[in-house]
Amino acid sequence: MDLLSAGLGIASMAGSIMGSQSKAAQQAASLEYSNTLNRRKTDIINKYRQRAYERRVDRVRDQLQENFSAANASWQTEQARFIEQMLGFSFQQSDMTKQLLEAIIPKIPEERNCECKDALSNSII
């Protein structure tokens with residue numbers, strides 16, 4: 001019986017060693033599966049974040065373009081108003097000059113006794 005007990009003990013020990021190796025292999029496989037799954041989840045989350053970032057960048061780009069267009073339209077409107085004002089002032093000045101000349105010319109005497117009548121005769125033009 002001693003031999004039989006010793007043989008059974010060795011077989012039991014060998015089974016225990018094999019079982020622990022099998023358990024270690026299962027743990028390694030489980031860990032690799034978990035790591036692979038976590039990498040895949042990380043890739044999916046990173047792709048989602050990248051798409052979200054690109055959408056935000058596109059929105060900002062669109063907003064900048066819209067702001068530029070609005071500012072440009074406003075500037076052009078202000079330039080048109082400014083030109084209208086300048087033309088209005090120009091016409092007013094022209095009208096005032098015309099009125100001034102119409103008021104002054106009749107008051108100039110026909111005969112002038114001053115030297116201004118000959119002022120342009122010696123000028124270099």
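Every number here is computed from the coordinates shown, using simple stated rules; none is lab data. Note that the structure is predicted; figures quoted are calculated from it, not measured. FYI the Cβ positions are ideal-geometry reconstructions off the backbone, even for glycines, and counts take in every protein chain you see.
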Report summary line: Here the net charge surrounding residue 31, from other residues whose Cβ is less than 14 Å away from its Cβ (Lys, Arg +1; Asp, Glu -1), is +1
Requested in this report: Counting other Cβ atoms within 10 Å, keep those with at most 13, restrict to DSSP loop, and tell me which GluC sites (Glu not before Pro) in segment 73-125 are left.
Outcome: 110, 111
**Report entry** Computed label-point distance, nm, for sites residue 67 and residue 93 using a 7 Å Cα→Cβ extension
**Finding:** 3.8 nm
Query raised in the report: For labels at residue 116 and residue 83 in the simple 7 Å Cα→Cβ model, what's the distance in nm?
Result: 3.9 nm
Query raised in the report: From the backbone phi of segment 87-103, what are the Karplus-calculated ³J(HN,Hα) couplings (6.51 cos²θ - 1.76 cosθ + 1.60, θ = phi - 60°) in whole Hz, Gly and Pro given as x?
Result: 5, x, 5, 4, 5, 5, 5, 4, 5, 5, 5, 4, 5, 4, 5, 5, 7
**Report entry** Simple spin-label estimate for residue 57 and residue 76 in nanometres, 7 Å along Cα-Cβ
**Finding:** 3.0 nm
